[in-house]
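The values are calculated or read from the model by the stated rules, or taken from the named source; none is laboratory data. Quick caveat: nothing in here was measured; it's all calculated off a predicted structure. Virtual Cβ from ideal backbone geometry, glycine too; neighbours counted across all protein chains shown. The protein model used for the area step is the full one, side chains on, heavy atoms only, and it has no ligands, DNA or RNA in it. Shrake-Rupley method; radii C 1.70, N 1.55, O 1.52, S 1.80 Å.
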Amino acid sequence: MANENLNLTLKVWRQNGPNNPGRMETYQVKDISPDSSFLEMMDVLNNNLIETGKDPVAFDHDCREGICGSCSMFINGEAHGPDRGVTTCQLHMRKFKSGDTIHIEPWRAKAFPVIKDLVVDRSSFDRIIQAGGFISVNTSGNTVDANAIPINKEDADKAFDAATCIGCGACVASCKNASAMLFVSAKVSQLALLPQGRVEAEDRVLNMVHQMDEEGFGNCTNTGACEVECPKGISLENIARMNREYASALVKKG
Amino acid sequence: MALESKTPKGPLKDKWTNHKNDINLVNPANKRHIDVIVIGTGLAGGSAAASLAEMGYKVKAFCFQDSPRRAHSIAAQGGINAAKNYQNDGDSVHRLFYDTIKGGDYRSRESNVHRLAEVSASIIDQCVAQGVPFAREYGGMLDNRSFGGVLVSRTFYAKGQTGQQLLLGAYSAMSRQIGQGHIKMYNRHEMLDLVLVDGKARGIIARNLITGEIERHSAHAVVIASGGYGNVFFLSTNAMGSNVTAAWKAHRKGAYMANPCFTQIHPTCIPRSGDHQSKLTLMSESLRNDGRIWVPKNLDDVKAIREGTKKATALSEEERDYYLERRYPSFGNLVPRDVASRAAKERCDAGYGVNKTGEAVYLDFSAAIQRYGKEKAVVMHIENPSESEVIRLGEGVIESKYGNLFQMYEKITDHNPYKMPMMIYPAVHYTMGGLWVDYNLMTTIPGCYAAGEANFSDHGANRLGASALMQGLADGYFVLPYTIGDSLAKEIMTGHIDENGPEFIKAEAEVKDRLARLCNINGTKTVDHFHKELGKLMWDHVGMARNSEGLNKAISEIKALREKFWKEVKVPGTPDSFNQELEKAGRVADLLELGELMAKDALTREESCGGHFREEHQTPEGEALRDDENFTFVSAWEWTGDASEAKLNKEELTFEAVELKQRSYK
Ligand SMILES: Cc1cc2nc3c(=O)[nH]c(=O)nc-3n(C[C@H](O)[C@H](O)[C@H](O)COP(=O)(O)OP(=O)(O)OC[C@H]3O[C@@H](n4cnc5c(N)ncnc54)[C@H](O)[C@@H]3O)c2cc1C
Ligand code: SF4
Ligand code: FES
């Protein structure tokens, strides 16, 4: 385990607003504990910037434990940085060496415009869910007993695995076409695998895919980059399942 | 003002049913003309917004994150309670009610808690209908686990991501309503004031966090579901943005704050490792189902472990002190959180802490790995499995139950918890205190409601594990949709509330003025600097153990810190742009007022109960000593215009169904 504190050069994307041109700026940070997280390193940078009268770097974050999906940095050419199966907030500085230069950029995709610096607008994801990523059941207190429909454990586990998507957008950022297929297919799969979700499965997949196209996400060309960079290990199987669901829904519903 | 809980009459078990039958209803055609603002999209706000919109109200929902799906509820790990009795282990509505009252150390309102237990089963049904993928057994039925403070298995879970799955359920229900135009969603918006017209809550002032624009939003009722304020301690398991601002603005406009000092310090969190830390990470209580907590019996071993010359695994059973099993043989590792936290502190204060800082104990899974490994070998018909085979199988079972937590632990600490016991220490986790609400979840401001962690209602002085998710969803899906009708039924003739009225204009001017002031101080210290100072004062004096000297000190020092903040803080940028430092500054300014009130509340409560431990009040064995004669009440603090001069009001608590006893988990 490395114990020595790190001195680093950071090259950070700075952009004042969606319509402003951006640029890379260079900063130095010193004495960073290898036990600190990447975002804690960014806190140090920002506090330095504030103390010297400069504008801190804007970035999204909240839970800082890999579950809210807020954090979204493209680090040294990879979504969420070099470690596998983690979000930016879970990336720890022990993955770097003193003297390293680290490049930090926002997600880049037409459907994710930059708001400021590393902050992007991912509301397109919300709109895709609004188009059909739900089961139409009102709150009532009169729904059937939760154990009335047994669900095969294997399907339940697969549905759960798909449902762990955190909506971070790393899949889009990693894809050369900026495709949102992994994200969309995760929700389609979760609900298609459960008996409760089957009823609306056809409309759901058609509506969600339609919205995805409307938002300007690119096509999937099966390069698989999304799966590699997905912090939650969402599998390409979901894309295959969605393609099947889509094809059969299209036949039935046109 | 006299505090009226509005608890319905009649026997405890009939109160909710009778109340629902008596409550005013709003006709569906009229609902379309009634606006409701919901602040927060966590389990409480998300479920409330979805349900109210389904019923036909026009809902405006707000969150400060970029999507409602990212509310802090997403981070809840372990599970959600419900009195389903699927395990046939003697669970019932009454038992859940009783466990919650007892767990809360008899400082909650019986009627509310009973209602919570009553609606709990419907929550699970509703979530399953929405497609929430709870863990299941091989037969396809739902699985359960146990949490602290209870002797039954009533906790439903989705690995260590229960909060995520429940929140995504509420989020999808909301999304459906957003898509249909019944909810207007305001992402990246922060409520910065509550607007009252003729004494009623009629809207809010919000800041668009992208543009910095200040907006007025009117409604016939406002629901505050803005979560807890554990971040007053700077280091906590809460998300970075969790804060008190929305609730505090309501407080300053007349809503009482109840039991603000009741804070939950969770026993199993990853210990602090240094000053760089921005937050602490929880290791779910569910781990105490299978993990055993211990420290070495001998100080020599402690020393060797700290120096790195000995490993935890090298200590024999006889050399280990499983102190919870020793002190509390009946509940063992599953005592309630407050008890487990104090016991860890006691051992560490006595010098038995096992890491460099002396503030860590072990949570050990080796026994569970052995047990599960052997069981699995039997199921798989492996005869005489080798030791390594058993361990491999056992680790597999542990992985399927807690995989994401173990991964999280390893990423943060760089230690493999399958091979070495985890190191854990208590950390601030949850705030039982919050806005005072009556049985209808209405605050002391007519038309202003509070739900979820933001209210004080159900957990008394200590919350049981897996009960916050239950409460948030109970409030939002099954309570508020009924109770809010009671006041909204009177609003059908009111018509649209004018956003250009003088009250809105005044509130907006005040918000703008405050933002400008923050930006113009132009001092030398960052917001984080003040937040850390506040956190240290809170942890040292208003934390796990409190005494009058420390509390008095905290009161005067927080006040001084607040004054310094307003002179020396540096907030870069302007109010009319995307400005994350300004957001933080506003929140910390409010926490600096709240902190003082928490200390004052703790000082006033001259007893120990649940998470509130006053060193002056303990039994000879060091257990919390309640004073039922003098303190069986809810402290409800009233804003008087000066953060140091809050006025105490009391809601006396009466118990009909349970007998007040000194809690015992022995
Ligand atoms: C790590 C962790 C694990 C937990 N695990 C469990 C568990 O296993 N079981 C359990 O029962 N409980 C658990 N809890 C507790 C539980 O998660 C919370 O108490 C609960 O989720 C709170 O939900 P809420 O809806 O009240 O608020 P939150 O989920 O905190 O939501 C608050 C909402 O309010 C919004 N908001 C806040 N202020 C403003 C403002 N001024 N303007 C606009 N919007 C605002 C936020 O954007 C957010 O949408 C856990 C807590 C933590 C920290
Ligand atoms: S599929 Fe993976 S990468 Fe894409 S949004 Fe979901 S969690 Fe993020
Ligand atoms: S901050 Fe929540 S996932 Fe990174």
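So the values come out like this:
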quantity: Residue B:651 vs. criteria open to solvent by 20 Å² or more (accessible area, probe 1.4 Å) and within 30 Å of residue B:12 (Cβ to Cβ); calculated: no
quantity: Lone unmet requirement of (1) away from ligand 3 (no atom under 16 Å from the Cβ); (2) without any contact (Cβ under 8 Å) to a residue 40 or more places away in the chain; (3) crowded, with 22+ Cβ neighbours inside 10 Å for residue B:81; calculated: (2)
quantity: The one condition in (1) within 14 Å of chain A (Cβ to nearest Cβ); (2) away from ligand 3 (no atom under 16 Å from the Cβ); (3) open to solvent by 10 Å² or more (accessible area, probe 1.4 Å) that residue B:230 fails to fulfil; calculated: (3)
quantity: Conditions (1) modelled with pLDDT of 95 or more; (2) closer than 23 Å to residue B:433 by Cβ; (3) crowded, with 20+ Cβ neighbours inside 10 Å; (4) not hydroxyl-bearing (Ser, Thr, Tyr); number of the one not met by residue B:616; calculated: (3)
quantity: Which listed residue is at the interface with chain B (Cβ under 10 Å from one of its Cβ atoms) and within 16 Å of ligand 1 (Cβ to nearest atom), from A:167, A:197; calculated: A:167
quantity: Residues located in region B:26-38, provided they are exposed (fewer than 14 other Cβ atoms within 10 Å of the Cβ) and either of a type in the set (Ser, Thr, Tyr) or in contact (Cβ under 8 Å) with a residue 24 or more places away in the chain (or both); calculated: B:27, B:28, B:32
quantity: Options B:86, B:106: the member that is aromatic (Phe, Trp, Tyr) and within 19 Å of the chain's Cα centre (by Cα); calculated: B:106
quantity: Qualifying position, being farther than 27 Å from residue B:137 by Cβ and touching a residue at least 40 places away in the same chain (Cβ under 8 Å), among A:192, A:162, A:201, A:178; calculated: A:178
quantity: Selection from region A:9-35 of residues that are more than 17 Å from residue A:104 (Cα to Cα) and in contact with a His (Cβ under 8 Å, 6 or more places away or on another chain); calculated: A:33, A:34, A:35
quantity: Leading residue by the ranking (farthest from residue A:158 (Cα to Cα)) among those in region A:217-238 that are crowded, with 23+ Cβ neighbours inside 10 Å and among the hydrophobic types (A, V, I, L, M, F, W, C); calculated: A:217
quantity: Residue in region A:95-114 that is part of a helix (DSSP H, G or I), within 12 Å of chain B (Cβ to nearest Cβ) and away from ligand 3 (no atom under 16 Å from the Cβ) present; calculated: no
quantity: Of all residues making up region B:100-153, the number that are part of a helix (DSSP H, G or I), over 20 Å from residue B:15 (Cα atoms), more than 14 Å from every other protein chain (Cβ to nearest Cβ) and open to solvent by less than 10 Å² (accessible area, probe 1.4 Å); calculated: 1
quantity: Qualifying position, being within 23 Å of residue A:218 (Cα to Cα) and within 13 Å of chain B (Cβ to nearest Cβ), among A:160, A:183, A:134; calculated: A:183
quantity: Residue A:125 being at the interface with chain B (Cβ under 8 Å from one of its Cβ atoms) and either in a helix (DSSP H, G or I) or open to solvent by less than 40 Å² (accessible area, probe 1.4 Å) (or both); calculated: yes
quantity: In region B:51-70, residue farthest from ligand 2 (Cβ to nearest atom) [restricted to those that are within 17 Å of residue B:179 (Cβ to Cβ), part of a helix (DSSP H, G or I) and under 21 Å from the mean Cα position of the chain (by Cα)]; calculated: B:68
quantity: Unique match (being surrounded by 13 or more Cβ atoms within 10 Å (Cβ to Cβ) and under 31 Å from the mean Cα position of the chain (by Cα)) among B:310, B:297, B:345, B:303; calculated: B:345
quantity: Options B:599, B:545; residue that is away from chain A (no Cβ under 14 Å), surrounded by 23 or more Cβ atoms within 10 Å (Cβ to Cβ) and in contact with a helix residue (DSSP H, G or I) (Cβ under 8 Å, 6 or more places away or on another chain); calculated: B:599
quantity: Condition broken by residue A:241, with the remaining ones in (1) away from ligand 2 (no atom under 15 Å from the Cβ); (2) open to solvent by 10 Å² or more (accessible area, probe 1.4 Å); (3) touching a residue at least 12 places away in the same chain (Cβ under 8 Å) satisfied; calculated: (1)
quantity: Residue match in region A:25-32 (condition: open to solvent by 20 Å² or more (accessible area, probe 1.4 Å), facing another protein chain (nearest Cβ under 8 Å) and away from ligand 2 (no atom under 16 Å from the Cβ)); calculated: no
quantity: From the options B:489, B:516, B:466, residue that is away from chain A (no Cβ under 14 Å), in contact (Cβ under 8 Å) with a residue 12 or more places away in the chain and within 24 Å of the chain's Cα centre (by Cα); calculated: B:466
quantity: Residue check for residue B:419: more than 31 Å from the chain's Cα centre (by Cα) and not in a loop (DSSP other than H, G, I, E, B); calculated: no
quantity: Top-ranked residue in region A:62-79 [being more than 12 Å from chain B (Cβ to nearest Cβ) and within 12 Å of the chain's Cα centre (by Cα); ranked as farthest from residue B:284 (Cα to Cα)]; calculated: A:74
quantity: Any hit, region B:269-289, residues being touching a residue at least 24 places away in the same chain (Cβ under 8 Å), among the β-branched types (Val, Ile, Thr) and open to solvent by 20 Å² or more (accessible area, probe 1.4 Å); calculated: no
quantity: Condition broken by residue A:67, with the remaining ones in (1) under 30 Å from residue B:139 (Cα atoms); (2) modelled with pLDDT of 95 or more; (3) surrounded by fewer than 23 Cβ atoms within 10 Å (Cβ to Cβ) satisfied; calculated: (3)
quantity: Unique match (being among the small types (Gly, Ala, Ser), over 23 Å from the mean Cα position of the chain (by Cα) and closer than 27 Å to residue B:234 by Cα) among B:586, B:622, B:641; calculated: B:641
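Rundown of residues vs (1) under 22 Å from the mean Cα position of the chain (by Cα); (2) in the same structural domain as residue B:584 (by TED's automatic domain parsing); (3) within 16 Å of ligand 2 (Cβ to nearest atom); (4) open to solvent by 10 Å² or more (accessible area, probe 1.4 Å), yes/no style:
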site	(1), (2), (3), (4)
B:186	no, no, no, yes
B:203	no, no, no, no
B:206	no, no, no, no
B:238	yes, no, no, no
